[in-house]
1. Tell me what chain B gives for mean residue ellipticity at 222 nm when only DSSP H runs of n ≥ 4 count, each as -39,500 (n - 2.57), the sum divided by the residue total, rounded to 500 deg cm²/dmol.
2. So the label point goes 7 Å from the Cα of D:Arg64 along Cα→C-beta, right? Which residues of the range D:183-216 then have their backbone N under 12 Å from it?
3. How many angstrom separate the Cα center of the range A:186-208 from the Cα center of the range C:199-250?
4. Given a 1.4 angstrom probe, what's the average accessible area per residue across the range D:74-340, in square angstrom?
5. Please say if the range A:201-287 is rounded, prolate or oblate, where rounded means a/c under 1.5 for a ≥ b ≥ c the square roots of the C-alpha gyration tensor eigenvalues, and otherwise the choice is prolate for a/b larger than b/c and oblate otherwise?
6. How far apart, in nm, are two points set 7 Å out from the Cα along the Cα-to-Cβ line at A:Asp57 and at C:Glu155?
7. Mind checking the angle between helix B:109-120 and chain B's longest principal axis? C-alpha axes, 0 to 90 degrees, to the nearest 10.
8. When DSSP beta bridges are limited to those with both residues in the protein assembly as shown, what percentage is antiparallel, rounded to the nearest 5?
There are 4 protein chains.
Amino acid sequence: MIAILRKNAAPEAVDHLIGWIEKKGLQTHVSHGENEIVIGLVGDTTKIDPFLLESMDIVERVQRVSEPFKKANRKFHPADSSIDCGFGVHIGAGEFQVIAGPCSVEGENLIRIARQVKEAGATMLRGGAYKPRTSPYAYQGMGPAGLDLLCEAREELKMPIVTEIMDPRDIDVFLEKKIDVMQIGARNAQNFPLLKEVGKTKTPVLLKRGMSGTIDELLMAAEYIMSEGNDNVILCERGIRTFETRTRNTFDLNAVPVLHYLSHLPVVADPSHATGYTRYVEPMALAATAAGADGLEIEVHDDPTHAWSDGAQALTPDQFCDLMRRIALIREAIAPEAAAE
Amino acid sequence: MIAILRKNAAPEAVDHLIGWIEKKGLQTHVSHGENEIVIGLVGDTTKIDPFLLESMDIVERVQRVSEPFKKANRKFHPADSSIDCGFGVHIGAGEFQVIAGPCSVEGENLIRIARQVKEAGATMLRGGAYKPRTSPYAYQGMGPAGLDLLCEAREELKMPIVTEIMDPRDIDVFLEKKIDVMQIGARNAQNFPLLKEVGKTKTPVLLKRGMSGTIDELLMAAEYIMSEGNDNVILCERGIRTFETRTRNTFDLNAVPVLHYLSHLPVVADPSHATGYTRYVEPMALAATAAGADGLEIEVHDDPTHAWSDGAQALTPDQFCDLMRRIALIREAIAPEAAAE
Amino acid sequence: MIAILRKNAAPEAVDHLIGWIEKKGLQTHVSHGENEIVIGLVGDTTKIDPFLLESMDIVERVQRVSEPFKKANRKFHPADSSIDCGFGVHIGAGEFQVIAGPCSVEGENLIRIARQVKEAGATMLRGGAYKPRTSPYAYQGMGPAGLDLLCEAREELKMPIVTEIMDPRDIDVFLEKKIDVMQIGARNAQNFPLLKEVGKTKTPVLLKRGMSGTIDELLMAAEYIMSEGNDNVILCERGIRTFETRTRNTFDLNAVPVLHYLSHLPVVADPSHATGYTRYVEPMALAATAAGADGLEIEVHDDPTHAWSDGAQALTPDQFCDLMRRIALIREAIAPEAAAE
Amino acid sequence: MIAILRKNAAPEAVDHLIGWIEKKGLQTHVSHGENEIVIGLVGDTTKIDPFLLESMDIVERVQRVSEPFKKANRKFHPADSSIDCGFGVHIGAGEFQVIAGPCSVEGENLIRIARQVKEAGATMLRGGAYKPRTSPYAYQGMGPAGLDLLCEAREELKMPIVTEIMDPRDIDVFLEKKIDVMQIGARNAQNFPLLKEVGKTKTPVLLKRGMSGTIDELLMAAEYIMSEGNDNVILCERGIRTFETRTRNTFDLNAVPVLHYLSHLPVVADPSHATGYTRYVEPMALAATAAGADGLEIEVHDDPTHAWSDGAQALTPDQFCDLMRRIALIREAIAPEAAAE
C-alpha cells in the first residue's frame, strides 16, 4: 500500500503518521517527490483501511499495491486448480465441462431434458429449485420438491447436479440431498452470511459474478468461501450491468483471461444470462470457449415458450446438440497441439 | 404490455399468439403499422414473462406499459406515506428526520457519540452491529453485543435506533431487542429471502438501493417487503456504481424526485456512502435536502482516524453540528411558504 | 411509436393530442387498458420527438417501436453488405480480413512492421498519423508525413491502408493521398460534422463505437455517413466504458451478433483497445472471431517498449504470426461445413 | 508514478528498467516489499506512458501519483478563478450566474423568451444555432442566422450569449459575431481539434463533461484549451450515462464539490439535460445550487410542446420565474454568513 502525502505536509505530521502505521506492525519507506511525499507500507496491509488513511489531512491519495485476495490468488498458488464435482467430472486445469438444463425445475420434463442434454454431450445438469425473481409476484421455484427431481435425474443419468442456494437456512437440505455443486447467484455475490455458510462445507460452489461486481470483488467473494475452509470454488462470468439495453447484460468475456491471470480457480461462462436471447447464445458460447473458459453453463428447455422462467434465452435440445458440435470444434482449434501444427 | 411483431408474420402465427395470450386471461388489441404489427396486452400482465414473449419467432420486441410494482406505486396510493419509527418520530409526508451515528458500533464510545448527535439535532441513531465487508479479513461487527449497546443508548436518549440486518436467521434477535428500524444494505438489495423475512414483521425497514440497482428494482424490493404485509418501508439512495472513481459511488440525486413521482414511500439519502469522503459530505447533504429528501443518514464519529470502519467518510460531532445548522436553513428555503413570499 | 397516457386523462385532452399527432401526418390507433390508454403512432415517426411527447401532462411514457436507423437497417437491406477496400480486399458477407500495424506511424519502422504483418497474413495495414490523446502534453502524431509513410508502404505491399481522421479540415489531404479506409475513432463517434464530411466521399469508413455509445448510437452514426451518400461503412466494436478497471475497456462482444442481427454492415472487432494489455489480446481476438466478427483490427509493433503510444497492448510480429495461425483454426471451426460434418 | 514489480524479477531486469526510466530524465526510488518491489518515479512523468510500463514483463502494475492536469489544477493555482463573460457578468469566486433560454434558436420567439428569462433574473442567454442530434433526420439548427438572432437579443438586453460550436471550421464566424461564450457539448468533450481551436481564442468556453467522461477527463479537456493559451474555461456537469433509464442522464452532483477540490475553475450544472424531464428540473436545480455550483444552465421555452428540440425538459417562463425565487433562497441559505448566525 502506498500513501501519497501533500507536499506541504508538516514534518511532525508526517512523523506522527509513520508512527501510527508502524504501531500497526508495518514497515514504512518514505520518498520525497517534486510535488508530493510518498510512503510505502510494507507488511500485512489488510490491517489498514485505505479509505481511512485517505481521510487524514496530510494524505492526498492511497493506492493498493497487492491484491486483497490471498487464497484465490495465483501468486500464492501458481498451478491451475481442478475441482472434483463428483461422478468423475473435474473442471479446470485443462478439463472443460458443459453444464446444461432448464432455468427452473418445473416437474417431469426435467428428466426428459436431462436425458437430451446428456446425450448431446453435457456433463453436468443444471436446474433451479429456488429462484431469485425481481418481482414477488413471479414464480419462486419448487423448493425441496425440485431438489428431489434433480436427485432423481442424477441417479438415472449419473451426472452431477448444479442448483442455486439463496438462503443460509437451506444449507442443511442441500447437504442432506448431497447436491453436487451449489450455485451462488449474481444477486447474492456479496451475501456474506451465505458465502460463509457454503464455505463451511466441502461442496463445490459455482460462484457467479455480481451484476455490478468487479473482477476483484468476485475474487473477494471466492476468498470468503475459501477462508472458511472450502477451496472448491468455480468462478462464473454471466454478464454485468452497463448502459447497453440491446442485450440482457453485457458479457464481459475479458474477465475470462483476466481471471485466469489473477487466480488459479476454474472459470465458467454463462452465455444464456449474459445475452438474454436464444439467438445470441450460440455465437457467444463459442466466443467464451475461444476465450479460454473452462466450461459453460447453458439453459436448455424442450418447450421454451412454456418455460416457467427465462424461456427467452433457452436453447431447444436440437439447438443445444448443434452447439455442442461447434464447441468441440472450437476446443480443438484452441488446443496447444492444433496451433503448433 | 405491448408486443411488436415482424411485418411478415404469417396471419396464422399471429392468431396462434393471440390465442396463447388470451388463454392467460388477458385481452388483446391489434394494430397494423407500416413496418410491424403491434399487439397491446390488457389485464394482469404479471402473468406474462416479457423476455419469453420476445423469444418467439414472430415477435420483434416487447415493451412494458405499466410498472410491475403495485403496493409501492403512487398511482394506487396517491398520498405520501408517513412511517412511524417510534418515540414520536415520523418520516415522510412533510416530516424530515436525520439519522446519525457511527458506521460500526465499537463499544463505549457509542453512547458518547449518540449524545452528541442528539444534541446537534439528529432524531434517530444509527450504528452497525453486523457489518458487510468486502474482505473476509476485515472487521465483521460486534454482533448481539452491539445491538445491546444500541438499546442502551436508546433507553438513555429516547430516540429510535437504526441498524443493519444481513441474515434472515438474525430476525429473532432483532425482534426480541425491539430494534426500531431494520436497515437492508445495498449488497442485500436483492436478497429475497431476507426481504421476505423483514416483510413478515411490522418493524420499519430502511431499504438501500443496490450498487447497480435501478430505481425500478428498488421499488420491486420494497414490493417484496410490502407484499408480505409490512408497509413500513423507507427508501434510501446511497449512490450507485459507475465508471467515475473520484468518489466512492455516484450519488444519483435524480432518484429523489423520481422516487417521489413514482411512489408514496419516504425517501432518505445517504451522503456518507454516496461520496466516501468527509470533505464532500456537507455539500451533498445540503444538495439532497434541497432535492426534497425526507431525511438523511449521516456517519458521525468522535475519532474518525480510529474508527473501525469507514472513518474516511465520517464527520466529527463538530462538523455534524455545523451541518445540522445548514440543513435547517435549506429546509426553510425549500418550504412552500418561503418560496411564496 | 407508442404513447401511454394516464388513465384519468380527460377525453378532450386525448382528442387534442390525437389531433396534434395527426397534423404531423401520422395515423393513430387508440386502445383503452385497465390502468392506461395507449396510442399507437403509425407512419414516419422521425417527425416526432419522443421526449417531447412524454413531456405532455397526460402522457406517462413513450416507447419507440421501430428503429430510427433506416439505411443501416437489415430490415430494409436483408443481405450482408460487402465493402470493397481496394487491392481486391473485400470485407463482410463471408469475407474476413485482419487489419494490423502500429498504433502510431512513427517513421521508418512502419515499412518493416508492414512487411511482417503482411507476411503473417494481415490483409490491411493500420497506423495512426493523427492521434487523439487524452493529454495535450502527449505525442499527437506525425500528421501528413505519417500519411506519406503509409502510402509508401501501400505501394510496396499492395495492401489497403486504414488511418484515423479527426478533423473535417483534413478531408482534402485524405482524399488527395487516396487513403483506402478512413477510421473514425471512439471519441468522434458523435462528431456529426466529421461524420457528414466522410459521408460525402465514397471512401470506406471504419467507424468505431463510442466509449459510452449504445449499439443504436453506433448505427445512427453509420446512418449519418450513409445519409450523405456513402454506404461503405464498416462497424467496429472496440470496448465500452464500465466500472471494471482490470482492463482498459469492457469488450462488448455481444455487439457482434447483435449488430449482425440489426444491420447488414460488416462488423470488425478491436481486441487491442478492448483489453489494453498484450497478454489478453490473443484470447480475445479468438473470441471475437468465434463470435462471428467479419474482421479484426490488431496493434503490432516490433519494439513495443519503445512505441510512441499504446505499446502496452501491441503484439510483437512473432506473437501476431502465432495469433494468425490460431485465428485461421477458429475460422475453420466456425465454417458452416465444419459444423455440418 | 509508481511501478510495482513482481517479487521474482531478476535483479538485472530491474536494473535495466531503472536505466530505461532514468534515461528519460526521471529519478527513481526503489523499495523492496514482502511480495513485490516498488519503484517510485520522480520528475516529469508525462514523458512515460503508464500502460507501456505496465506491459513490461517484470512490471505488475503502474499507478499515477500526481494528476496529469496542470493549468486547471488547484494545487498550482489555489485561488478560485473568476471568468469575465462580458456585460459585467463574472462567474466563479463567489459570483453565481444563471444561463437560460431555449434549447434551439428557432426564430422570432427567441427575443420574447430572452426578455422573460432576463426579467426573471437570468444573467446570460443560451440558445443553440448548431445542434448535435443523434439522428441525421432530426432538426440540425439554424446555423449563422441563429447566431444573428442571438446577437440581436444581446444588443437589446445587454446580456452575454452562450451558444454551442461543433465544428472547428465555424470558429471564424463565432469570432466575427463576437459570441460571448462558446459552448463545447458533451459529444465533443474529446474532440481535440475543436478544443485546440477554441483554445487559440480568448473567448470564454463553457465546457461540458462527456457522457462517459470522468472528472479527470473533463479537467484534461480544460487543459487542452488552457494549454493553447485560453484560461477562460467554465466547467459544466450535465449528467453522465449509467444503467439508470428513468432519467435521461444520471446527474453526478458529487462532481461539483470534487471539481472545486481539484480545480480553481468555475463549475456550472445543467439540470435540464441531467434529468430530461421538466418535472425534475426544479428540485435538481436547487440541489445543484446547494451543492455549491457557481451557476446553472437551464432550458426555458414559452411553448415547450412546440419546441423544435428538447421540449420535454424545458421550463415555461412562469416555472422559471418561480425557480429563480427558490434558487435565491438556497443561495442565501448556503451563504457563509447565514450559517454562522
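The values are calculated or read from the model by the stated rules, or taken from the named source; none is laboratory data. The model shown is predicted, which means the values in this text are computed figures rather than measured ones. Don't worry about glycine lacking a Cβ; one is built from the backbone with ideal geometry, like all the others, and counts go over all protein chains shown. Heavy atoms of the whole protein, side chains included, go into the accessibility calculation; ligands, DNA and RNA do not. Shrake-Rupley method; radii C 1.70, N 1.55, O 1.52, S 1.80 Å.
1. Roughly -10500 deg cm²/dmol at 222 nm, from the helical runs in chain B.
2. Output list for this probe position: D:214-216.
3. Using only Cα atoms, the two centres lie 40 Å from each other.
4. Working: 7680 Å² over 267 residues.
Accessible area per residue: 29 Å².
5. On the way: a/c = 2.17, a/b = 1.92, b/c = 1.13.
Prolate shape, in that a/c is at least 1.5 and a/b is the bigger ratio.
6. 6.9 nm
7. Result, in degrees: 80.
8. On the way: 82 of 186 bridges.
Roughly 45 percent of the DSSP beta bridges within the protein assembly as shown come out antiparallel.
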